[in-house]
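The values are calculated or read from the model by the stated rules, or taken from the named source; none is laboratory data. As the structure is a prediction and not an experimental result, all values here were calculated from the model. Quick reminder, even Gly has a Cβ in these numbers, built from the backbone with ideal geometry, and neighbours come from all protein chains shown. Calculation scope for accessible area: heavy atoms of the full protein, side chains included, ligands and nucleic acids excluded. Shrake-Rupley method; radii C 1.70, N 1.55, O 1.52, S 1.80 Å.
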Amino acid sequence: MPINIPQSVFDKYFDVVDSTFTIFGVACQLVYIEKVEVISNTFNNIPDNRSVNSHRRGGDQYKRQNKTVQEVEKTEDITLKVYWDSKNWSKIGGDLVIPQGSIQTIFYATDLDKIMRAKELIVHKDIKSLQEMRFKKIHEPFPMGLQQKRYFGCFWERA
């Protein structure tokens, strides 16, 4: 016999979980890479690399044809719930091996696109001047919570 749960139960659940973002949420910053073309006819001091993937060399500047492309970091503020202790992490099943010093974050599904585009995460923007803690994604974000459509989680390791 199927059980019908009224929508009001889900609405109340979402209200309670949403309030935890304002109580326990941490102001963080997502780091994106923006590529800016710099056209210069001046002296070229970028080393010549004849590799197919010369732009993956590790520098923030590379040359394509007659254009110099420079990578610039851009940040965007976001509020996340951050869990530092693995005992408090949501279990997603399987044999997931997470490195020491990793974190789990929980965020709204509306922020999923931002998280997917981000290269790194700076945790706790308010103490950034004391210690900047950068993390990169370990795995793809996963849906969580009732109905698995409003919240997502993601694991991050130190960058």
What is the distance, in nm, between label points placed 7 Å from the Cα along the Cα-to-Cβ direction at ILE138 and at ALA159?
-> 1.7
Anisotropy class of the range 86-159 from Cα gyration tensor, a/c 1.5 cut = oblate
3J(HN,Hα) from dihedral phi, the range 130-141, Karplus parametrisation 6.51/-1.76/1.60, rounded to Hz, x for glycine, proline | 7, 7, 8, 10, 9, 9, 10, 5, 8, 10, 5, x
Here the gain from full extension of VAL9 to LYS74, 0.36 nm per residue of separation minus their alpha-carbon distance, amounts to 19.4 nm
³J(HN,Hα), Karplus 6.51/-1.76/1.60, whole Hz, each residue of the range 151-159, x for Gly, Pro = 10, 10, x, 8, 9, 10, 10, 4, 8
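So if each residue of separation counts as 0.36 nm, and I subtract the Cα-Cα distance between ASP85 and THR110, what length gain in nm does that give?
Gain in length upon complete extension: 6.5 nm.
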Can you pull the percent of the range 92-155's accessible area that's carbon plus sulfur, 1.4 Å probe, other chains left in place?
-> 51
Mean Cβ neighbour count within 10 Å, used as a protection proxy, ranking 68-77, 5-14, 99-108 highest first | 99-108, 68-77, 5-14
Nitroxide proxy distance, nm - points 7 Å out along Cα→Cβ at GLN147 and LYS67 | 4.4
If the cut-off is a Cα-Cα distance under 28 Å, which lysines reach LYS125, setting aside same-chain residues fewer than 8 apart in sequence?
-> LYS35, LYS74, LYS81, LYS87, LYS91, LYS114, LYS136, LYS137, LYS149
